[in-house]
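One structure below.
The values are calculated or read from the model by the stated rules, or taken from the named source; none is laboratory data. The model shown is predicted, which means the values in this text are computed figures rather than measured ones. Every residue, glycine as well, gets a Cβ built from its backbone with ideal geometry; the counts of neighbours run over all protein chains shown. Quick note on the areas: whole protein, heavy atoms, side chains included, nothing else; ligands and nucleic acids left out. Shrake-Rupley method; radii C 1.70, N 1.55, O 1.52, S 1.80 Å.
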Amino acid sequence: MGCIYEDSAKEFKKNRTPEQKKVINYFRPLGGCVGGVISLFSRMSDDQYEAMIAERVKQINSMDAALNKLGIDVDMVKEVKPIYFEGYHFDEKKTFARLGKDDKWRSSAYEITWIFAGDKQLYVYNYRFNMDEDSKTVTAEEFFYKDITNVNHTTETVEKEIYDFSCIKSKKGRKSVEYNDFVLSAMGDKLLCSMHATEENERSIQGLKNKIREKKNA
């Protein structure tokens, strides 16, 4: 009996750039003996994918972009050192996810966040982009200190479809992915921004909590 070929990943590669096709192959290899083997040996490494992310982040020039989008300059936001978060975004159904050889989850979507503290309010800039397609979401918001009820770091879990090589067809399963968010709550609204769980980020959140507390009690 011959190999059964399933080109499940092929549909996702239509009208994509060569770089975007590489990203799709990283997350979702072709099925079938021939397609699967080709995908397996041409798949980029975890480090290569992270290098692609880093280059994209560098191109965004995010701090200048954030200040311009928010309509502020650095002299207006000197209450605390500008806070920067970045991390993989997982909660949309259309994003791909993959567990690397280093046991670290990665996604096809990534977020950059800048937080600036002014005299009376916080300014938050968030830039989310997809590596497998030409799509991005940019938001710029302001929150008065008196309206902020909480800021914290939360760990969430979402189930994602995971694909891997199989000679019969594209192997598909579901796994729970744990990821981290910075959360800002204000007047019943909640802002979530992807972030890596690091000691530096925890210190930044604690410092922001102290500043908000100080402003609310002033």
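What are the pairs, 6+ residues apart or on separate chains, where a residue within the range 195-207 that is closer than 20 Å to Asp91 by Cα has its Cβ under 8 Å from a residue that is surrounded by fewer than 13 Cβ atoms within 10 Å (Cβ to Cβ)?
Between residues of the range 195-207 that are closer than 20 Å to Asp91 by Cα and residues that are surrounded by fewer than 13 Cβ atoms within 10 Å (Cβ to Cβ), the close pairs are Ala197/Thr155.
Output the qualifying pairs, or none if there are none: Cβ atoms under 6 angstrom, residues six or more apart or on different chains, first residue in the range 102-121 and in contact (Cβ under 8 Å) with a residue 12 or more places away in the chain and within 23 Å of Lys211 (Cβ to Cβ), second residue among the basic types (Lys, Arg) and open to solvent by 10 Å² or more (accessible area, probe 1.4 Å).
Glu111/Arg128; Ala117/Lys211
For the range 89-129, which residues satisfy the criterion of being part of a loop (DSSP other than H, G, I, E, B) and closer than 21 Å to Phe144 by Cα?
Result: Gly118, Asp119, Lys120.
Tell me whether the range 49-65 contains one or more residues that are open to solvent by less than 20 Å² (accessible area, probe 1.4 Å), touching a residue at least 12 places away in the same chain (Cβ under 8 Å) and more than 19 Å from Asn130 (Cα to Cα).
Among the residues of the range 49-65, not one is open to solvent by less than 20 Å² (accessible area, probe 1.4 Å), touching a residue at least 12 places away in the same chain (Cβ under 8 Å) and more than 19 Å from Asn130 (Cα to Cα), which makes the answer no.
Working carefully through the options Glu142, Glu111, Glu156, Glu200, find the one that is within 27 Å of Ala51 (Cβ to Cβ) and open to solvent by 70 Å² or more (accessible area, probe 1.4 Å).
Sole residue among the options that is within 27 Å of Ala51 (Cβ to Cβ) and open to solvent by 70 Å² or more (accessible area, probe 1.4 Å): Glu200.
Determine the pairs where a residue that is under 21 Å from Lys13 (Cβ atoms), located within the range 79-96, has a partner that is part of a loop (DSSP other than H, G, I, E, B) with Cβ atoms under 8 Å apart, the partner being 6 or more residues away or on another chain.
Correct list of pairs: Thr95/Ser108; Phe96/Arg28; Phe96/Ser108; Phe96/Asp132.
Can you name the residue in the range 16-43 that is open to solvent by 20 Å² or more (accessible area, probe 1.4 Å) and assigned to a loop (DSSP other than H, G, I, E, B) and, of all such residues, is modelled with the lowest pLDDT?
The residue in question is Leu30.
Please verify whether the range 203-211 includes one or more residues that are surrounded by 15 or more Cβ atoms within 10 Å (Cβ to Cβ) and either β-branched (Val, Ile, Thr) or part of a strand (DSSP E or B) (or both).
Yes, the range 203-211 has at least one match.
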